[in-house]
1. Using just the alpha carbons, could you tell me how many Å³ per residue the convex hull of region 272-329 encloses?
2. Determine, for R62, R272, the number of other Cβ atoms within 10 Å of each Cβ, and report the residues in order from fewest to most.
3. For region 131-137, take each phi angle, set θ = phi - 60°, evaluate the Karplus expression 6.51 cos²θ - 1.76 cosθ + 1.60, and give the result in whole Hz per residue in order, putting x for glycine and proline.
4. How compact and how long is region 77-205, expressed as Rg and Dmax of its alpha-carbon atoms in Å?
5. Would you order K95, K165 from fewest to most other beta-carbon atoms within 10 Å of each residue's own beta-carbon?
6. Can you give the angle from 0 to 90° between the axis of helix 221-240 and the longest principal axis of the chain, with both taken from C-alpha atoms, to the nearest 10?
7. Run through all the Cα pairs of the chain and give the fraction in each 10 Å bin from 0, expressed as whole percent.
8. From Cα pairs below 8 angstrom and at least 6 apart in sequence, can you work out the relative contact order of region 145-403, rounded to a whole percent?
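Since every read-out is calculated from the coordinates, none of them should be taken as a lab result. Since this is a predicted model, take the numbers as computed values, not measurements. Cβ placement follows ideal geometry from the backbone for every residue including glycine, while neighbour counts extend to all protein chains displayed.
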Amino acid sequence: MATYQYRAVDKYGREKKGSIEATTPDRAASMLKGEGLLPVKVTEQSIFQKDINLGGSKVSNRELAVFCRQFVSIINAGVPIIDALGMMEEQTENKQFKKAIGEVRTSVAKGETLGNSMRARTDVFPSMLINMVDAGEASGSIDVSLDRMATQFEKDAYLSGLVKKAMVYPIVVLCVAIGVCIVLLVKVVPTFMEMFEDMDIDMPGITTFVMNASDWLKRNWFIALAVILVIAIGIKIFMSSRTGTIFFATLAIKLPAIKNFTIKSSSSRLARTLSTLTASGISMIDSLDITAKTMSNYLFREAVFECKEEVKKGVPLSEPLKRCGLFPPMVIHMTKIGEETGDLEAMLTKMADYYDEEVEAATQALMAALEPMIILFMAGVCGVIIGAVIAPMGALYDGLDNL
């Protein structure tokens with residue numbers, strides 16, 4: 001997705017500026033409208049305009065979960081919201097989060113609602129949380145809304161942890177493999193080759209290839225580094241483009257190794273988010289709009305947006321879910337049963353619990369499949385280099401036998 005800078009006006013006429021991630025400018029404008037803002041100007045950020053995150057500033061789902069849990073405990077103890085926000089501000093370590101809570105407390109002290117105060121910092125507080133707070137304030141059950149959001153953030157943090165767990169291992173092993181190859185080519189291979197060069201031995205083809213690679217890397221290491229950086233930046237730019245977003249989203253549901261994980265994690269996110277929102281009295285259309293924004297895969301995000309448009313026309317949710325062809329049959333069947341029985345919220349909750357377990361199983365299966373593949377990759381690369389070193393020794397022994 002691309003990042004867009006925007007200038008918008010809220011319902012009170014106050015100007016808001018910030019950035020938002022979306023696939024197109026129209027989608028960015030639509031997302032801003034969904035947050036109660038009237039877009040004035042939406043432009044794509046250049047690479048020089050993007051915010052630089054030096055660490056410690058981004059607010060994680062886990063921090064939001066802790067915030068909601070503690071906030072509920074404090075206000076249930078009879079502490080006024082303004083004082084509760086002050087207490088939360090003092091104990092929050094994340095500087096950006098701390099500043100945002102302080103701004104919300106100041107706004108509430110001036111008579112603004114908690115939901116509208118949070119809406120001024122949409123870069124910190126997700127639209128889902130803001131809408132839940134609005135619903136809680138309207139119904140007088142803000143503690144219930146925040147408690148549900150705490151559960152939602154905890155589940156999201158858990159799923160994010162599973163994804164990181166699945167990705168960190170192969171990335172670390174790949175980096176180690178590259179490091180080992182560089183050490184072998186730059187240090188080990190030249191040492192052996194100097195010894196063999198003093199002997200009148202015909203070098204095997206694999207040894208000649210590795211020697212040439214080692215010599216080139218030692219002379220042109222800066223070119224190799226530049227190529228790696230260019231490739232990395234190119235991939236990053238491609239991933240942030242619309243074409244790249246669609247490409248990788250399609251790849252995620254096509255590759256057998258990650259297909260199940262992508263589908264099940266998206267199904268879990270859909271069910272859990274819809275359940276949380278509808279349980280708080282938020283309309284199905286607004287719930288679908290917010291849910292779509294939480295979907296990490298572009299294809300699933302667009303499918304949920306399409307479902308929202310169909311539901312606007314009076315079509316049951318299960319029908320567009322079936323037509324999109326992305327979600328498993330269980331999602332469609334359980335949604336349809338919930339619609340027919342009038343207990344969609346309960347069905348969505350059960351579905352979310354089921355797919356949470358399925359995501360964990362899919363992660364373990366993915367890890368189990370990746371481990372032998374990575375080991376084989378490392379063995380193959382290192383085996384070629386070691387074979388290039390050992391091959392001349394065989395030729396040397398053959399020469400001695402012929403004497």
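1. 79 Å³
2. Details: R62 15, R272 24.
Listing R62, R272 from fewest to most nearby Cβ atoms yields R62, R272.
3. Going residue by residue, I get 5, 5, 5, 4, 5, x, 5 Hz, with x marking Gly and Pro.
4. 28.3, 90
5. On the way: K95 10, K165 13.
Lowest to highest Cβ neighbour count: K95, K165.
6. With both axes taken from Cα atoms, the answer is about 30 degrees.
7. P(r) over the chain, rounded to whole percents: 4, 17, 24, 21, 13, 9, 6, 3, 1, 0.
8. Details: 209 pairs, mean separation 75.3, N = 259.
About 29 percent, as a whole number.
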